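Comments concern the structure below.
Throughout, read-outs are computed from the coordinates displayed, never taken from laboratory work. Everything numeric here is computed off the predicted structure, so don't read it as measured data. Ideal geometry is used to build each Cβ from the backbone, glycine not excepted, and the neighbour counts take in all protein chains shown.
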Amino acid sequence: MRLNFPSTNNKAEYETLLAGLRVAKKIPVRRIRAHVDSLLVANQVSGDYEAKDHKMIEYLKKTRELLQSFKKAKVVHISWGQNKKADALSKLASVAFDHLAKNVKVETIKQPSILEDVAASIETTGPCWITPILRYLQEGIVPEDKQEARRLRIRAL
């Protein structure tokens, strides 16, 4: 598998696990033992580690949902030394592979399994230039001063 979007190592680990689980579900497999070389992912899935980053929480939720579709499922951490074949395949997929297409099946994953949200948290200690905009977005309140509303390009609905 090859990811065709920017990804951290942890996201890539989850994406790979999710892709493998989706393939196993299609076959269909009833019992699965997935080997991952990410201690973080294995321990988050088992519940030994807590996912704190909201994206990791979403990946973990999606992984657990998929795991529920199997009669029996376990995600096991394996060391890098035990994962030499998978590591060699990942290196092969990371280089130009067009000439290998007839011999090696490489699936390209074009977008993340979780929604990437684009949001920012804004905290202020008191009124500032953004306060009228926030009031409009959060509460639908248009500034009373027509010039201020026009400056902010806010129009009464």
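Note that segment 38-54 has calculated 3J(HN,Hα) couplings of 9, 4, 4, 4, 4, 6, 5, 5, 6, x, 6, 10, 9, 7, 10, 5, 4 Hz, one per residue in order, obtained from phi through the Karplus relation 6.51 cos²θ - 1.76 cosθ + 1.60 (θ = phi - 60°); glycine and proline are x. Neighbour counts of C-beta atoms inside 10 Å place Leu21, Leu3 in the sequence Leu3, Leu21, starting with the fewest. Residues whose amide H lies under 5 Å from that of Ala34, counting only those 5 or more places away or on a different chain, are Lys74, Val75, Val76; hydrogens are built 1.01 Å from N in the peptide plane. Database remark: amide H of Ile109 closer than 5 angstrom to the amide H of Arg2, Leu3, Asn4 (H placed geometrically; neighbours at sequence offset of 5 or more, or on other chains; Pro and chain starts carry no H).
Residues in segment 142-147 carry Karplus couplings, in order, of 8, x, 5, 6, 4, 5 Hz; the curve used is 6.51 cos²θ - 1.76 cosθ + 1.60 with θ = phi - 60°, and Gly or Pro positions show x. Here the gap between Lys110 and Lys26, fully extended at 0.36 nm per residue and compared with their Cα-Cα distance, gives a gain of 28.3 nm.
Just add up the charged neighbours of Arg30: K/R +1, D/E -1, any other residue whose Cβ is under 9 Å from the Cβ of Arg30. Every neighbour counted, the sum reads +3.
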